[in-house]
């Protein structure tokens with residue numbers, strides 16, 4: 001299946017009017033460009049994140065630091081405590097607007113080969129969507145837990 005046909009095949013399962021706002025995770029944890037890479041890595045591990053947006057104090061997304069960025073830094077023999085998020089982040093960031101349809105979010109994730117995408121509202125960070133969030137949004141529950 002092509003990327004277009006994959007999204008088209010999945011669209012009927014998702015709510016037709018589903019937008020980024022409907023499926024995004026919030027609040028979203030972001031780091032400043034001055035955050036130490038060691039502290040950022042600690043937050044990734046502590047929270048089970050695979051990456052984190054880097055934002056200015058007003059919430060404008062400047063880039064993203066991922067587990068892959070951290071691994072590349074370690075392979076290069078650099079110490080995490082000697083670097084900042086701003087020195088390692090990937091940018092400019094790929095983002096989606098809060099009212100973007102779920103199909104557009106899927107397209108951004110797939111075309112850019114990314115695992116998560118920050119969600120913005122008038123260029124301000126308001127949430128984040130991962131591939132898992134998309135899959136969770138389109139599935140109908142067939143397994144339930146009782147007596148938990």
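Some observations on this one:
- Taking 58, 39 and counting other C-beta atoms within 10 Å, the order from fewest to most: 58, 39
- Rg followed by Dmax, in Å, when the chain is reduced to its Cα trace: 16.7, 50
- Computed over the chain, the per-residue total of -39500 (n - 2.57) for DSSP H runs of n ≥ 4 gives a 222 nm mean residue ellipticity of -9500 deg cm²/dmol, rounded to 500.
- Normalised contact order of the chain, rounded percent, pairs of Cα under 8 Å and 6 or more residues apart: 30
- Ranked 78, 46, criterion: other C-beta atoms within 10 Å, fewest first: 46, 78
- Spin-label model, residue 139 to residue 82: label points 7 Å out along the Cα-to-beta-carbon direction sit 4.4 nm apart.
Read-outs: derived from the displayed coordinates by stated rules, not from any lab. Keep in mind that this is a model prediction, so the values were computed, not measured. Neighbour counts are summed over all protein chains in view; Cβ atoms, including those assigned to glycine, are modelled from backbone coordinates with ideal geometry.
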